[in-house]
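The values are calculated or read from the model by the stated rules, or taken from the named source; none is laboratory data. In this text the structure is predicted, and so the values were computed from the model without any measurement. Backbone-built Cβ (ideal geometry, glycine too); neighbour counts: all protein chains shown. The protein model used for the area step is the full one, side chains on, heavy atoms only, and it has no ligands, DNA or RNA in it. Shrake-Rupley method; radii C 1.70, N 1.55, O 1.52, S 1.80 Å.
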Amino acid sequence: MTTGRSDRHEEGVGPFTTRLTWALPGGGTAVWESRAARRRGTLTVRAEGAAEGRPRTADPVSLARLRRLNSVAAVSFCIGGLLFALGAGLSQLGSGSATTSASVYFAGGLFFTAGGYASLLQAINTPRRGDHGALLTCEWRWWSYEPQRIDWLSAFVLFAGTLVFGVNLLDSFLQGLSVQQVNRLIWTPDLIGCALFLVSGHLAFGEICHGWPWPWPCLRARSLGWWIVAINQFGSWLFLVSALAAFTRPATGSELNTAIANWGTLVGALCFTAGGLSQYFERPEPAEPAEPTEPAELAEPE
């Protein structure tokens, strides 16, 4: 998608704007990108006649928020991934009881949920773009409903996926279930959670590529954000393969392939751990507030 007036150039995915270039009132141009504003608290401003643009950061309040939320999300995904890998390893090696593995998985699920909610809060409280090339701090919110924003939608779908995984992990403690109940209460939420993770990653690719990543995503080898999304998306595919292999056959009462289910979970979880480690470095750097600023009611250029 590329639309806009003569002084405004929009790019994005379907109805979503992921990059906006507009003329500044005093001359020059500003370039806002969804992920850069949300993760690093920056946009790019090019003065009139200048060959290259320079990054302009949000004020210290917004930067501190984004750094804290990014750290919480990164650490949570790292720990959650390690716990999932440990649970899969215990299951594959037959070490400990089924309850022990379920407990480890459940602890990992709590960290995944914390990381998902921190990611959603980062999208909710991202600084908004203003007419004069400044990113503006908004009032802190614990919740919002903004499905017209691809970053919010991706984070919301990811958080919803962690909650659905929670249902799967809680139900795994139940004893004496029939094959039909296992597939309905444990396997089905697992499959839905994997699908939501994949949808979230697909939206994240669209945000970075400024277009639908189909039939394959764009390549941004020099972008840390692209690598984070790619690693996490690969982990999501492995989770999906693991979920499909964990289907319990009604005729035999056994999983389709226990080894694939365990190894898919283990390697996929390590992908999320690597993604979390990488995410820790995709954060704002301390900087002086941008000048000039403007009132919050001018937060969106017309």
Fill in the blank from the handout: Of the residues in the stretch 97-140, those that are under 30 Å from Glu33 (Cα atoms) and in a loop (DSSP other than H, G, I, E, B) come to Asn125, Thr126, Pro127, Gly130, Asp131, His132, Gly133, Ala134, Thr137, Cys138, Glu139, Trp140
Handout entry: All positions within the stretch 244-257 that are without any contact (Cβ under 8 Å) to a residue 40 or more places away in the chain and assigned to a helix (DSSP H, G or I)
Key = Ala245
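Residues checked against (1) without any contact (Cβ under 8 Å) to a residue 24 or more places away in the chain; (2) open to solvent by less than 20 Å² (accessible area, probe 1.4 Å):
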residue	(1), (2)
Asp131	no, no
Cys138	no, no
Ala155	no, yes
Ala160	no, no
Gln175	yes, no
Thr188	yes, no
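I need the full set of residues from the stretch 210-235 which are in a helix (DSSP H, G or I) and in contact with a Ser or Thr (Cβ under 8 Å, 6 or more places away or on another chain), in order please.
Residues satisfying the conditions are Leu224, Trp227, Ile228, Ile231.
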Exercise for the section: Kindly indicate which of Ile150, Ile192, Ile208, Ile231 is open to solvent by 40 Å² or more (accessible area, probe 1.4 Å), over 19 Å from Cys78 (Cβ atoms) and of a type in the set (Val, Ile, Thr). Expected result: Ile192
